[in-house]
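Working notes, structure below.
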Amino acid sequence: MSWWWCRITGREWTAVRQKFKARNTCLAGWQAKQMKIKIKIKNSLLLRAGPRQIAESNRIITNRMTIIKRFLEWIGLKEKLHNAENVPPFFKEGEIWWCHCGENVGTEMNGKGSVFTRPVIVMKKYDRYSFLAVPLTTKEKSGTWYASFTHGVKRQTAVLSQARAISYKRLKERVGKMDSADYGNIKEAFKKLHK
């Protein structure tokens, strides 16, 4: 099996650049040569590709372009969040906030929607600018990496393995405060997982 490299052509790159320039988004000096999409295709498929193989390669290219588009949208929003001059909100341990988690790589949890948000628990407040956040999901999960609780009427699962330090600039809005017993259970599960 060989590798076939598909580059975005100059015309396509110009269209992408113009689209995001219109949104006042800095592409940080990206060039077309950095926008390679690696696609696995056997040499034989290149020479005698039927409609099925062509459809499959088009699907792969479309998926890759969608991923690139999401990353570029996140870069634009991340730049706005970084450059925003706002007063840090008053957040406390045990609160749940909507947070701009972004578009991440691999198994890291992504934010949802057009503003890349996800609810997080403020596990440990370091100072008024940063804290340790544990992302939440409404999908029911079990195991040592997860801890479930009910907030309001919704059943939530804290994904303990995805905890990370977060800047206050990523916070969008406060959802509410956790019950102290639930927060204690989450802290114990977190300590047990990371000891």
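What follows draws every value from the coordinates through simple rules; no lab data is involved. Everything numeric in this text was worked out from a predicted model, so none of it was measured. Every residue, glycine as well, gets a Cβ built from its backbone with ideal geometry; the counts of neighbours run over all protein chains shown.
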Problem - Counted charge near I121, where neighbours are those whose Cβ lies closer than 13 Å (Asp, Glu -1; Lys, Arg +1) - result: +4
Handout entry: Potential extension, R164-E93 segment - 0.36 nm per residue separation minus Cα distance
Key = 24.1 nm
Problem - Charge dipole (the range 95-193, unit charges on Cβ, about Cα centre) - positive-most of I121, M109, F131 - result: F131
Handout entry: Likely footprinting exposure, L193, L77, fewest C-beta neighbours within 10 Å first
Key = L193, L77
Problem - Least to most buried among H151, H100, H82 (fewest other Cβ within 10 Å first) - result: H82, H151, H100
Practice task
Mind listing the long-range amide H neighbours of K124? Cut-off is under 5 Å, sequence gap 5 or more, other chains count too, H placed in the peptide plane at 1.01 Å from N.
Solution key: L132
Completion exercise
Total charge of the residues flanking K92 in space, meaning their Cβ is under 12 Å from its Cβ, with Lys and Arg +1 and Asp and Glu -1, is +3
Handout entry: Rg(Cα) / (2.2 N^0.38 Å) computed for the range 53-145, rounded to two decimals
Key = 1.37
Exercise for the section: Could you go through the range 162-171 in sequence order and give the Karplus-derived ³J(HN,Hα) for each residue, using 6.51 cos²θ - 1.76 cosθ + 1.60 with θ = phi - 60°, rounded to whole Hz, and x for Gly and Pro? Expected result: 9, 4, 7, 6, 10, 7, 4, 5, 7, 6
Completion exercise
So V115 and H82, fully extended at 0.36 nm per residue minus their Cα-Cα distance, gain in nm 10.5 nm
Exercise for the section: Please identify which residues in the range 144-170 have an amide N closer than 18 Å to a label point set 7 Å out from the Cα of N185, following the Cα→Cβ vector. Expected result: 144-161
Fill in the blank from the handout: In whole µm²/s, the translational diffusion coefficient that Stokes-Einstein assigns to the range 95-193, given a Kirkwood hydrodynamic radius over C-alpha pairs, 10 °C and 1.306 mPa s, equals 117
Practice task
Output ³J(HN,Hα) for the range 57-65: one whole-Hz value per residue in order, computed from phi by the Karplus curve 6.51 cos²θ - 1.76 cosθ + 1.60 with θ = phi - 60°, and x for Gly and Pro.
Solution key: 5, 5, 5, 4, 4, 4, 4, 5, 5
Fill in the blank from the handout: Expected vector for the range 184-191, Karplus 3J(HN,Hα) from phi with 6.51, -1.76, 1.60 and θ = phi - 60°, integer Hz, x for Gly and Pro, equals x, 5, 5, 4, 5, 4, 5, 5
